[in-house]
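What follows is a short report on a single structure.
The values are calculated or read from the model by the stated rules, or taken from the named source; none is laboratory data. Quantities reported herein were computed from a predicted structural model and do not represent experimental measurements. Note that each Cβ is placed from the backbone with ideal geometry, even for glycine, and that neighbours are counted across all protein chains shown. Surface accessibility is based on the protein's heavy atoms, side chains included, excluding ligands, DNA and RNA. Shrake-Rupley method; radii C 1.70, N 1.55, O 1.52, S 1.80 Å.
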Amino acid sequence: MPEFDQSKAYTEQEEVFFDDGREIELLHFVYGRADIDQIRGNPARVLQAIDEYGRTKKYLMNVGEDKGKIVTDLIAEVKPQTMVELGGYIGYSCILFGDAVRKAGGKRYYSLERNPEFGAVIGSLVHLAGLSDVVKVEIGSSDASLKRLYDEGLLKHIDLMFLDHYKPAYTTDLKLCEELKIVTPGSVLAADNVITPGNPPYLEYVRSSVAEKRKKAEQPNGESAPDARMAARSINQYAKRGESTSLGSSPGNPNLVYDSKLVNSFEPTGVPDGVEISRCVSEEKE
Ligand SMILES: C[S@@+](CC[C@H](N)C(=O)[O-])C[C@H]1O[C@@H](n2cnc3c(N)ncnc32)[C@H](O)[C@@H]1O
């Protein structure tokens, strides 16, 4: 694993590190720059401006350069026609990966973001980067947006999915995609933050054999102890912010086989983290 370049570190994550006005402050920072006309239509320069804010002003919960490269390399290899991200925040991953999808010949990048103010920031920066032809921002909870896009016939298959939202929803949203058959053999998943803060129930699911998943699906309450503990912790965290925390209960498709591995890397602050890359390779018949 390459070393972390300390000169590029974002400022430290504070106690309150989002939704305190910094997302709008970021827009003023970017649009107020003297070189704004050189930034327009240039995704790399928009990302540089966002990184500069994160390094010199306030922390932003972006995927960052190091983990971002793991996913852009994957995009170059997989060449997804359709890519979906769960959790867009201010649009950093959306601009980085949307640009990579377009360069790889892809058609559509859906960014699913629950918070409408963050969604508006994503839309503004995506427009600035000149990526509005490829990127579509969908506001609402990820499960509702996935279902709606599927019902409208807009989302028929997910070639690559980046999971970076509410941690207990990684597994429930993946199971929903499996049930809708928009995640099938050939789909690839990249899940952020599996080391910091970590996501044991998700790792257990994508690393389980078909036999283990079938057995668990037969249990009266298919939720494991780590699942329940994580949901309780996260529900408390979001309840404080007055946000809905409903988690779906799709059975998923336990017959799908994933080839899953961790790629170690760093948060943009330099804190160690990792991305779990899971390739859906086949489906076992019952
Ligand atoms: C870590 S941030 C995403 C960072 C972004 N992917 C990046 O790297 O630039 C997580 C985002 O997920 C959003 N979020 C949380 N739960 C969600 C849900 N159920 N559906 C959609 N978005 C959600 C939050 O509002 C937040 O903006």
Discussion item. Against the conditions (1) closer than 25 Å to Tyr53 by Cβ; (2) polar (S, T, N, Q); (3) buried (at least 21 other Cβ atoms within 10 Å of the Cβ), where does Ser142 fall short? Just the number, please.
Written reply: (1)
Worksheet item: How about the stretch 57-99: which of its residues are open to solvent by 10 Å² or more (accessible area, probe 1.4 Å), at positive phi and out of contact with any helix residue (DSSP H, G or I) (no Cβ under 7 Å at 6 or more places or on another chain)?
Response: Lys79, Gly87
Practice prompt. Evaluate the stretch 13-28: report whether one residue or more is among the polar types (S, T, N, Q), closer than 25 Å to Arg102 by Cα and part of a loop (DSSP other than H, G, I, E, B).
Written response: no
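Considering each residue of the stretch 194-208, count those that are under 14 Å from Gly252 (Cα atoms) and away from the ligand (no atom under 16 Å from the Cβ), and give that number. First the steps, then the outcome.
Step one: list which residues in the stretch 194-208 are under 14 Å from Gly252 (Cα atoms), which gives 202, 205-206, 208.
If we keep only those that are away from the ligand (no atom under 16 Å from the Cβ) as well, we get 205-206, 208.
Qualifying residue count for the region: 3.
Out of Arg40, Arg102, Arg114, I need the residue that is open to solvent by 30 Å² or more (accessible area, probe 1.4 Å), within 12 Å of the ligand (Cβ to nearest atom), among the basic types (Lys, Arg) and modelled with pLDDT of 95 or more. Which one? Talk me through it step by step, then tell me what you get.
Numbers: Arg40 fails: within 12 Å of the ligand (Cβ to nearest atom); Arg102 fails: within 12 Å of the ligand (Cβ to nearest atom).
Exactly one of Arg40, Arg102, Arg114 is open to solvent by 30 Å² or more (accessible area, probe 1.4 Å), within 12 Å of the ligand (Cβ to nearest atom), among the basic types (Lys, Arg) and modelled with pLDDT of 95 or more, namely Arg114.
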Discussion item. Can you say whether Ile122 is open to solvent by 30 Å² or more (accessible area, probe 1.4 Å), free of Cβ contacts under 8 Å to residues at least 60 places away in the same chain and within 9 Å of the ligand (Cβ to nearest atom), as far as the supplied structure shows?
Written reply: no
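Within the stretch 1-37, which residues are among the β-branched types (Val, Ile, Thr), in contact (Cβ under 8 Å) with a residue 12 or more places away in the chain and open to solvent by 70 Å² or more (accessible area, probe 1.4 Å)?
Within the stretch 1-37, the first condition is being among the β-branched types (Val, Ile, Thr), and the residues that meet it are 11, 16, 24, 30, 36.
Going one step further and asking which of them are in contact (Cβ under 8 Å) with a residue 12 or more places away in the chain, we end up with 11, 24, 30.
Within the stretch 1-37, just Ile24 meets the criteria.
Can you confirm whether Val71 is of a type in the set (Val, Ile, Thr), over 20 Å from Leu174 (Cα atoms) and within 12 Å of the ligand (Cβ to nearest atom)? Talk me through it step by step, then tell me what you get.
Numbers: of a type in the set (Val, Ile, Thr): yes; over 20 Å from Leu174 (Cα atoms): no; within 12 Å of the ligand (Cβ to nearest atom): yes.
The answer is no for Val71.
Just to be sure, is Pro197 in a helix (DSSP H, G or I), in contact with a Pro (Cβ under 8 Å, 6 or more places away or on another chain), farther than 22 Å from Glu286 by Cβ and at pLDDT 95 or above?
Details: in a helix (DSSP H, G or I): yes; in contact with a Pro (Cβ under 8 Å, 6 or more places away or on another chain): no; farther than 22 Å from Glu286 by Cβ: yes; at pLDDT 95 or above: yes.
Here the answer is no, as Pro197 does not meet what is asked.
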Fill in: Test result for Gly153, free of Cβ contacts under 8 Å to residues at least 24 places away in the same chain and either open to solvent by 30 Å² or more (accessible area, probe 1.4 Å) or touching a strand residue (DSSP E or B) at 6+ places or on another chain (Cβ under 9 Å) (or both)
yes
Worksheet item: Residue check: is Arg45 more than 21 Å from the chain's Cα centre (by Cα), over 20 Å from Gly123 (Cα atoms) and among the basic types (Lys, Arg)?
Response: no
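Tell me the residue from Pro251, Pro268 that is farther than 17 Å from Ile70 by Cβ and either more than 16 Å from the chain's Cα centre (by Cα) or part of a loop (DSSP other than H, G, I, E, B) (or both), please. Break it down stepwise before answering.
Working: Pro268 fails: farther than 17 Å from Ile70 by Cβ.
Result: Pro251 is the single residue among Pro251, Pro268 that is farther than 17 Å from Ile70 by Cβ and either more than 16 Å from the chain's Cα centre (by Cα) or part of a loop (DSSP other than H, G, I, E, B) (or both).
When you check Asp66 against the structure, is it more than 8 Å from the ligand (Cβ to nearest atom) and within 25 Å of Gly21 (Cβ to Cβ), yes or no? Talk me through it step by step, then tell me what you get.
Working: more than 8 Å from the ligand (Cβ to nearest atom): yes; within 25 Å of Gly21 (Cβ to Cβ): no.
The answer is no for Asp66.
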Item to complete: State whether one or more residues within the stretch 81-99 are away from the ligand (no atom under 14 Å from the Cβ) and under 22 Å from Leu262 (Cα atoms).
Response: no
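I want to confirm something. Restricting to the stretch 160-193 and keeping residues that are among the acidic types (Asp, Glu) and buried (at least 21 other Cβ atoms within 10 Å of the Cβ), which single residue is farthest from the ligand (Cβ to nearest atom)?
Step one: filter the stretch 160-193 for residues among the acidic types (Asp, Glu), giving 164, 173, 178-179, 192.
When the remaining residues are screened for being buried (at least 21 other Cβ atoms within 10 Å of the Cβ), the result is 164, 173, 178, 192.
Values: Asp164: 4, Asp173: 8, Glu178: 17, Asp192: 7 Å.
Residue satisfying both the conditions and the ranking: Glu178.
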